[in-house]
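Asker: Below is the structure I would like to discuss, written out as structure tokens.
The values are calculated or read from the model by the stated rules, or taken from the named source; none is laboratory data. Please read these numbers as outputs of a predicted model, since none were measured by experiment. Here the Cβ is made from the backbone with ideal geometry for all residues, glycine too, and neighbour counts use every protein chain on show. What goes into the accessible areas is simple: the full protein's heavy atoms, side chains included, and nothing from ligands, DNA or RNA. Shrake-Rupley method; radii C 1.70, N 1.55, O 1.52, S 1.80 Å.
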Amino acid sequence: MDNGAVSVPTHSGGGPAKSLDSLSCIIAELEHPPDDTSSPYPRLHKKTRLPQLFTDTVLEMRSWGVIVNMMIPFWDEYQSSVAAFGFQFCDLRDSHWWVPGPTPAAPTPYAIRCSHGSGAQPSPIRFLPNFGCARNTRQQDLFIKLIDKGTAEDQIYRYLAGCKVLYHSSAFPCVLPPTAIIGSPYKFAFVAMPMWGTRFDITEFNTLREVFAFIRCTLTGLSFLHDHRIVHRDIHETNIAVNWYCLDVQQEGCSERRHAHYRSSDALYALFDFDLALQLPPSTSLKECRRPAYEALYGKADYHPFDTAQCERHYNPFAYDVACLGYLFIYHFTEAIPVAPLLAILFSRMTMHVSDDRFTAAEALAFFRGIETGLPPDVLDSSVALKRVYKALFDPEIYWSRLSPEDSNKWQSYRPPPLPWTDRIIRWLTTTDPIWRVVAFVRRSLHI
């Protein structure tokens with residue numbers, strides 16, 4: 001398959017280095033360094049081995065909470081081995097990664113780092129056992145994640161490494177790609193990704209143009225994933241990154257530079273983090289796909305729809321992703337509806353009670369593009385005063401009420417329908433565990 005990935009032979013640290021300079025992804029496997037044979041007596045030769053994790057898997061390490069100091073020597077021991085592939089871990093001391101000064105400009109998928117005057121001093125990032133910081137040979141900041149080999153996450157990163165469009169700035173599909181996947185001699189691998197910003201507040205957007213950039217990018221990213229039959233299963237603002245980051249929020253002027261980036265045409269947002277994601281066969285129908293209902297519990301529950309609240313046996317994970325993103329929009333952007341009324345229809349069609357009636361991600365993106373192209377520049381530059389509207393997640397009448405009476409009447413057919421009384425009763429009954437078990441047993445027995 002012509003996938004654009006750079007497949008590198010196994011490498012133990014010697015020989016010419018492969019670089020992350022080109023906009024593609026290196027895929028390689030580490031080997032143990034050669035044994036120390038300096039002694040003339042073979043029995044005294046020392047075997048040199050790269051360190052293992054303190055647990056069998058990365059998942060267990062995250063679950064058990066490995067002591068930070070136990071993992072610092074682990075990262076140090078892999079320093080020289082990964083350097084052969086064109087990137088070097090940052091300094092690790094005092095329980096922090098110390099990321100060097102400014103980075104040169106680079107095309108997407110690399111992000112823009114905030115500058116602080118000369119920027120000569122390194123900036124600290126708190127150390128977490130399964131995450132690291134590094135730089136490539138062009139001094140671009142990288143984020144390193146430990147993942148388990150052979151998992152769905154590993155498969156998805158390797159698949160994304162073969163998607164050329166992720167490495168072309170002119171058609172970037174708003175999904176953060178890997179720039180290197182380096183397998184260890186054990187059951188884990190290092191995944192390097194461009195460092196983007198994750199600490200941003202959506203309610204800081206001041207204009208409709210900023211809101212629309214966020215909606216466009218996230219719908220583009222979700223549409224791309226679904227086109228490749230990847231279900232994210234953890235749609236949340238903490239899994240959305242912006243292509244601007246600052247490693248020292250205390251510096252004067254950072255807030256102004258951040259807002260200036262939000263307002264600029266360079267602002268991009270991308271979906272990332274695939275530890276709960278799943279890739280299904282290419283022939284899978286986006287409308288008819290069904291997965292076991294218990295999988296709907298995966299991920300952060302803030303924006304989960306009620307697709308399994310009536311003890312359903314199955315659910316559609318693609319429609320579930322769309323609804324999660326729709327509820328995220330409702331939570332943050334309800335107050336933007338008076339300026340762009342058609343957003344109410346978009347939100348409604350993304351979060352319909354019946355999952356089969358929802359937009360697919362591609363349909364939602366196409367509908368949104370129609371909204372965006374239909375608005376003049378002065379409207380896009382209109383000010384918006386965003387605030388989080390929690391109750392709108394449970395009562396669509398709240399965001400629908402932001403429409404003018406004329407628009408509300410004109411678009412009555414798009415108004416979210418009330419929840420059927422049967423669903424209301426079942427949801428009320430199943431709030432207690434014994435009745436939930438009975439209803440689930442009946443549905444399972446009758447295959448309904």
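Asker: With no solvent and one point per C-alpha, what does the Debye sum give as log10 I(q)/I(0) for the range 177-244 at q = 0.16 Å⁻¹?
Answerer: Normalising to I(0) and taking log10 leaves -0.74.
Asker: Something else: Considering the zone a paramagnetic label at Y159 would reach in this model (a point 7 Å from Cα along the Cα-to-Cβ line), which residues of the range 170-187 have amide N under 17 Å from it?
Answerer: Inside the label zone: 173-178.
Asker: Can you give me the P(r) profile for the chain? Cα pairs, bins 10 angstrom wide beginning at 0, each as a whole percent.
Answerer: Using 10 Å bins, I get a P(r) of 4, 18, 27, 24, 16, 8, 2, 1, 0, 0 for the chain.
Asker: Rounded to whole Å and sorted largest first, list the principal axis extents of the Cα atoms in the range 162-212.
Answerer: 50, 25, 13
Asker: How far apart, in nm, are two points set 7 Å out from the Cα along the Cα-to-Cβ line at D357 and at E312?
Answerer: Inter-label distance under the simple model: 1.3 nm.
Asker: Okay, moving on. Calculate the tail of P(r) for the range 345-448: the fraction of all Cα-Cα distances greater than 25 Å, expressed in %.
Answerer: On the way: 2146 of 5356 pairs.
That fraction is 40 percent.
Asker: Same structure, new question: Compute the distance from the alpha-carbon center of the range 325-389 to that of the range 219-282, in whole Å.
Answerer: After rounding, the separation between the Cα centres reads 18 Å.
Asker: Starting from the exponent 0.38 and prefactor 2.2 Å, build the expected Rg for the range 169-302 from its residue count and divide its actual Cα Rg by it.
Answerer: 1.20
Asker: Then there is this: Compute the length gained on full extension between W428 and Q121: take 0.36 nm times their separation in residues and subtract their Cα-Cα distance, giving the result in nm to one decimal.
Answerer: 104.7 nm
Asker: Leaving out ligands and nucleic acids, note down the accessible area per residue over the chain with a 1.4 angstrom probe, in whole Å².
Answerer: On a per-residue basis, 47 Å².
Asker: Considering only Cα-Cα distances, which of the following residue pairs are longer than 24 Å: K145/K187; K145/K287; K164/K300; K300/K387?
Answerer: Table pairs above 24 Å Cα-Cα are K145/K287; K164/K300.
Asker: When you take every Cα atom in the range 387-448, what is the radius of gyration, and what is Dmax, the widest Cα pair distance, in Å?
Answerer: Cα only, the range 387-448: 17.1, 48 Å (Rg, Dmax).
Asker: Normalized C-alpha radius of gyration of the range 126-235, against 2.2 N^0.38 Å?
Answerer: 1.18
Asker: Related question: With every protein chain present, what accessible area does L380 have (1.4 Å probe, heavy atoms only), rounded to the nearest 10 Å²?
Answerer: Accessible area of L380: about 20 Å².
Asker: If you line up the Cα atoms of the range 234-382 on their principal axes, what length do they span on each, largest first, in Å?
Answerer: 53, 37, 29
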